[in-house]
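The values are calculated or read from the model by the stated rules, or taken from the named source; none is laboratory data. On a predicted model such as this, the values are computed, not experimentally measured, just so you know. Here the Cβ is made from the backbone with ideal geometry for all residues, glycine too, and neighbour counts use every protein chain on show.
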Amino acid sequence: MTTSSSGLSSAEAAARLARDGANVLPRKPPTPLWRRVLTQLRDPLIVVLLVAAVLTIGTGDWTDAVVIMLVIVVNTAVGVAQEVRADRAITALADLTTPEARVVRDGQQRQIPASEVVRGDLLVLAEGDIVPADAEVVESAALLVDESALTGESVPVDKGVAARVSSGTVVVRGRGRAVVTATGAASASGRIAALMVKGGGLTPLQRRLAGVGRLLAGVAVALSALVLVLGLVRGQPVELMVVTAISLVVAAVPESLPAVVTLSLALGARRMAARNALIRHLPAVETLGSVTVLATDKTGTLTEGRMVARHLWTPYAEAPVTGSGYAPDGAIDAEDPARFRALLEAAALCNDAHLRPPQDEGGGEWTALGDPTEAALLAAAARLGLDHAGLQRRFPRVAELPFDSGRKRMTTVHLLPDGGARLICKGAPEALLHPDVLTDDPALVARAAERADRYARDGYRVLAVAGADLDAVPAPVRESGLSLLGLIAILDPPRAAAAGAVADCKKAGIKPVLITGDHPGTARAIAADLGIVGPRDAAVDCREPGVLVDEDGPAAVYARATPEQKLDLIESLRGRGEVMAMTGDGVNDGPALRRADIGVAMGRRGTEVARQAADLVLADDNLETVVAAVEEGRRVYANIRRFLVYGLSGGAAEIAVMLLGPFVGLPLPLLPAQILWINLLTHGLPGVALGGEPVIPGSMSRPPRPPGQSIMGAGLWQRVVRIAIVLTAVTVGVAVWASATGRPWQSMAFFALGATQLGVALGTRTRPRSLANPMLLVAVAGALVLQLAGLYVPLLQELLGTRPLAPGDLLIVLVLSSLGYVAARLDRILHPSRS
């Protein structure tokens with residue numbers, strides 16, 4: 001597509017905008033409220049509760065129907081509210097990556113919203129601009145573009161005439177003009193966004209709970225039908241046995257489980273929000289607790305996303321450089337730092353970048369305008385005490401040869417205070433360490449080349465600097481007859497917290513994997529620095545065929561990975577049964593974030609595509625928050641399993657009591673109203689309060705649970721059976737003894753079954769002798785008071801069919817009910833590996 005130097009006319013631009021649409025990335029349409037509600041109601045346990053509600057309404061049991069419907073409404077409302085709140089927060093966080101653009105229209109430069117850029121527009125690009133659309137460069141003056149958000153490559157790319165620039169990339173140096181070739185969905189960013197159509201499917205928690213829901217529904221209905229048949233065979237009234245069977249279905253299915261899950265996840269989301277992490281979907285909290293592989297990109301996630309000079313080398317000395325970012329903090333770690341003055345003076349003068357101090361008086365970060373590599377040179381010079389502005393005044397630039405990708409060099413000429421001129425040249429070692437450029441001894445040049453090669457193998461970007469003092473400004477500027485001043489090794493350094501986060505992942509049994517579009521040497525060096533790989537391990541170059549996941553599992557470092565290859569890697573790992581978490585911030589990370597079991601996006605430097613694709617957004621870009629979320633996820637999962645032990649053992653005991661009663665002389669051990677009252681008290685607030693239990697000590701020192709393991713696995717169902725046997729034995733034993741001694745046996749069985757279950761709730765606590773989770777203590781105490789009210793309040797006596805107990809009988813039942821607490825504690829002590 002060609003465009004004249006005067007650009008498009010306003011009329012033509014308007015016509016193309018109407019024809020092709022706005023220059024915006026395709027977005028998923030907002031989910032309607034009815035669809036959000038329907039998604040919540042499709043949960044298998046909710047379906048069971050809906051069926052139970054219909055049946056109770058059909059039998060006229062309005063009280064229990066209201067209770068069941070209340071649980072459904074509360075669970076659905078909380079889930080929908082969390083999703084809506086998260087989406088609104090993401091919308092507020094999202095900042096358009098290309099809010100404005102400069103174009104030439106009707107022969108004049110104009111600033112317009114980036115959404116109004118059309119194909120054929122003539123863009124005007126300068127330092128600091130974000131490219132608003134795909135375009136072909138038609139005019140270039142030292143144009144350098146940072147493409148890390150699109151490709152993952154941390155080193156900016158030189159763009160000459162006829163080169164392509166992509167939407168979302170950043171101009172870090174120079175200027176140019178370019179004709180727009182693609183906008184919106186047709187741009188490079190749009191094509192990557194299109195890869196995100198397919199989601200990740202059900203989370204591990206949703207898959208496990210779906211299986212539990214189907215199992216519980218089948219077992220509860222079958223056993224309740226058996227109780228119905230046995231009652232009819234014994235001559236019990238049909239209506240009574242139907243109501244009893246329905247009551248047992250409700251009792252056997254822990255209807256508070258959705259509320260417990262929602263509360264646990266909501267508490268986890270609140271804790272994450274307090275630590276600068278925004279949960280977009282509640283199940284994402286638990287999913288992190290299931291993670292077995294943490295895949296992360298490099299630039300801006302493991303690294304700071306800005307270049308820093310780390311080593312200086314001259315023919316006479318070598319020294320490391322301390323400090324981080326662009327602030328002048330840090331130093332040249334050498335006995336005589338002045339020996340590096342000539343090298344850093346030259347690097348600061350042959351330089352087009354600028355450093356900006358913090359804008360806020362109370363603090364903030366130093367920022368850079370221009371090429372990040374050149375900004376790193378200025379920061380290194382500042383650490384030696386050199387003032388860039390002062391150097392420019394003392395040695396004014398009078399001539400230059402800008403950098404270009406062919407020469408791989410930049411040369412400037414500066415006037416000297418006492419007359420004459422100084423010529424400085426910096427560039428790639430292979431372009432400078434050459435006899436046509438340097439007059440130094442070949443042995444020295446060879447030594448410098450060997451050192452530069454060693455820096456490069458360690459993952460550094462290396463610049464060579466040379467110079468010469470001349471009698472006058474050369475005309476034309478030449479790049480020969482120079483003396484080598486030294487080498488500067490530059491790196492995008494790891495984040496301070498990244499190494500600790502990687503170590504914590506390994507301690508928790510999570511395999512960290514680095515997937516980046518960067519150079520293999522750079523990727524391997526960063527991975528070795530952070531402990532992802534050993535010093536001798538190599539990085540996999542994704543440009544080579546057949547290098548993805550093999551039968552031995554994933555490699556630790558994948559370099560030069562395209563967005564499509566990231567998707568293939570994630571699919572391969574998920575196909576092996578791994579639970580994948582993927583972190584990223586660039587446009588190129590979007591599809592992988594969407595396809596992973598959980599996507600984690602950086603909120604500060606992350607692109608809009610990455611934030612919209614993610615389940616979790618880190619507002620502080622801190623990888624340690626992901627590790628904290630893993631711990632939070634494990635807490636959530638442990639609490640759900642804790643509730644299942646409590647709820648299922650109680651439900652199983654209720655069915656067992658009803659099945660065994662007739663065989664020991666108890667025609668109908670419990671009335672339907674009594675079953676529902678026990679179920680309401682035990683599965684109500686005490687059950688929900690179990691979701692607030694603190695994390696199990698040492699949870700981050702254990703490996704993640706096997707991806708294919710059922711939520712009832714690892715000994716959980718055996719624990720349910722053992723505790724249910726104790727509950728059944730206590731209840732039936734109390735009833736048989738009371739019946740034989742002429743006491744109100746049904747009322748004693750009613751109180752024993754409820755109180756023993758409350759003892760189990762206390763026995764399943766993480767820290768039983770502490771005030772942790774006081775809500776559970778209050779809920780159990782309140783439930784016990786209501787259970788007593790069922791015996792002694794006249795209105796409840798009539799409703800439940802109970803009789804008051806004598807003080808002595810009540811004391812006996814209370815003492816025996818403590819066996820529920822003892823059973824739960826002993827089971828945890830005798831089976832610690834099953835906790």
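Would you be able to say whether some residue in segment 374-389 is out of contact with any strand residue (DSSP E or B) (no Cβ under 8 Å at 6 or more places or on another chain), under 27 Å from D441 (Cα atoms) and either loosely packed, with under 15 Cβ neighbours inside 10 Å or touching a residue at least 40 places away in the same chain (Cβ under 8 Å) (or both)? No; the residues of segment 374-389 include none that is out of contact with any strand residue (DSSP E or B) (no Cβ under 8 Å at 6 or more places or on another chain), under 27 Å from D441 (Cα atoms) and either loosely packed, with under 15 Cβ neighbours inside 10 Å or touching a residue at least 40 places away in the same chain (Cβ under 8 Å) (or both).
When G459 is tested against the conditions (1) buried (at least 20 other Cβ atoms within 10 Å of the Cβ); (2) of a type in the set (G, A, S); (3) modelled with pLDDT of 90 or more, the lone failure is (3). In segment 574-594, the residue that is farthest from the chain's Cα centre (by Cα) out of those that are part of a helix (DSSP H, G or I) and surrounded by fewer than 24 Cβ atoms within 10 Å (Cβ to Cβ) is G575. Restricting L240, L205, L195 to residues that are touching a Pro at 6+ places or on another chain (Cβ under 6 Å), surrounded by fewer than 19 Cβ atoms within 10 Å (Cβ to Cβ) and at pLDDT below 70 narrows the list to L195. Every listed requirement among (1) touching a strand residue (DSSP E or B) at 6+ places or on another chain (Cβ under 9 Å); (2) outside any loop (DSSP other than H, G, I, E, B) is met by R478 save one, (2). Based on this model, can you work out whether T373 counts as more than 38 Å from the chain's Cα centre (by Cα), in the same structural domain as L485 (by TED's automatic domain parsing) and among the hydroxyl-bearing types (S, T, Y)? No; evaluated as a whole, the condition is false for this residue. Of the candidates R705, R722, the single residue that is part of a helix (DSSP H, G or I) and among the basic types (K, R) is R722.
Check V398 against each of (1) in contact (Cβ under 8 Å) with a residue 24 or more places away in the chain; (2) in a helix (DSSP H, G or I); (3) closer than 25 Å to R478 by Cα; (4) among the hydrophobic types (A, V, I, L, M, F, W, C) and name the one condition it does not meet. For V398, the failing item is (2). Residues of segment 323-336 being buried (at least 18 other Cβ atoms within 10 Å of the Cβ) and out of contact with any helix residue (DSSP H, G or I) (no Cβ under 7 Å at 6 or more places or on another chain), which ones? Hit for segment 323-336 is G325, nothing else.
Can you pull out every residue in segment 110-147 that is acidic (D, E) and over 35 Å from the mean Cα position of the chain (by Cα)?
Residues satisfying the conditions are D121, E136, E139.
Give segment 282-317 a look and list any residue that's among the small types (G, A, S) and either in a strand (DSSP E or B) or surrounded by fewer than 23 Cβ atoms within 10 Å (Cβ to Cβ) (or both), or say none. Spell out the reasoning first.
First pass over segment 282-317, keeping only residues among the small types (G, A, S): 284, 289-290, 295, 300, 305, 309, 317.
Scanning segment 282-317 gives A295, G305, A309, A317.
Residues in segment 420-455 that are in contact (Cβ under 8 Å) with a residue 12 or more places away in the chain, part of a loop (DSSP other than H, G, I, E, B) and out of contact with any helix residue (DSSP H, G or I) (no Cβ under 6 Å at 6 or more places or on another chain): G420, A428, D436, V437, T439, D440.
Of the listed requirements (1) part of a loop (DSSP other than H, G, I, E, B); (2) touching a helix residue (DSSP H, G or I) at 6+ places or on another chain (Cβ under 6 Å), P358 misses just one: (2).
Only a single criterion out of (1) in a helix (DSSP H, G or I); (2) at pLDDT 70 or above is not satisfied by V249, namely (2). Can you say whether N639 is modelled with pLDDT of 80 or more and either over 30 Å from G713 (Cβ atoms) or surrounded by 24 or more Cβ atoms within 10 Å (Cβ to Cβ) (or both), as far as the supplied structure shows? For N639, the condition - modelled with pLDDT of 80 or more and either over 30 Å from G713 (Cβ atoms) or surrounded by 24 or more Cβ atoms within 10 Å (Cβ to Cβ) (or both) - is met. The residues on offer are A149, A141, and the sole one that is at pLDDT below 85 and either closer than 30 Å to I526 by Cβ or part of a helix (DSSP H, G or I) (or both) is A149.
Taken as a whole, the structure places A752 among residues that are in contact with a Gly (Cβ under 9 Å, 6 or more places away or on another chain), among the small types (G, A, S), assigned to a helix (DSSP H, G or I) and over 30 Å from V636 (Cβ atoms).
The single condition among (1) buried (at least 22 other Cβ atoms within 10 Å of the Cβ); (2) at pLDDT 75 or above that P320 does not satisfy is (1).
Check segment 506-515 and report whether any residue there is surrounded by fewer than 20 Cβ atoms within 10 Å (Cβ to Cβ) and in a strand (DSSP E or B). Talk me through it step by step, then tell me what you get.
Within segment 506-515, the subset surrounded by fewer than 20 Cβ atoms within 10 Å (Cβ to Cβ) is 506-507, 509, 511.
Going one step further and asking which of them are in a strand (DSSP E or B), we end up with 511.
Yes; the residues of segment 506-515 include at least one that is surrounded by fewer than 20 Cβ atoms within 10 Å (Cβ to Cβ) and in a strand (DSSP E or B).
Are there helices (runs of 4 or more DSSP H) fully within segment 776-835 with at least 3 residues that are assigned by TED's automatic domain parsing to the domain that holds W745 and among the small types (G, A, S)? List them. It would help to see each step written out before you state the result.
Values: elements: 794-800, 807-817, 819-830.
Result: 819-830.
If we scan segment 336-348, do we find a residue that is in contact with a Phe, Trp or Tyr (Cβ under 8 Å, 6 or more places away or on another chain), hydrophobic (A, V, I, L, M, F, W, C) and either outside any helix (DSSP H, G or I) or farther than 20 Å from Y460 by Cα (or both)? The answer is no; no qualifying residue exists. One residue alone among A472, A466 is under 21 Å from V413 (Cβ atoms), in contact with a strand residue (DSSP E or B) (Cβ under 9 Å, 6 or more places away or on another chain) and surrounded by 23 or more Cβ atoms within 10 Å (Cβ to Cβ), and that residue is A466.
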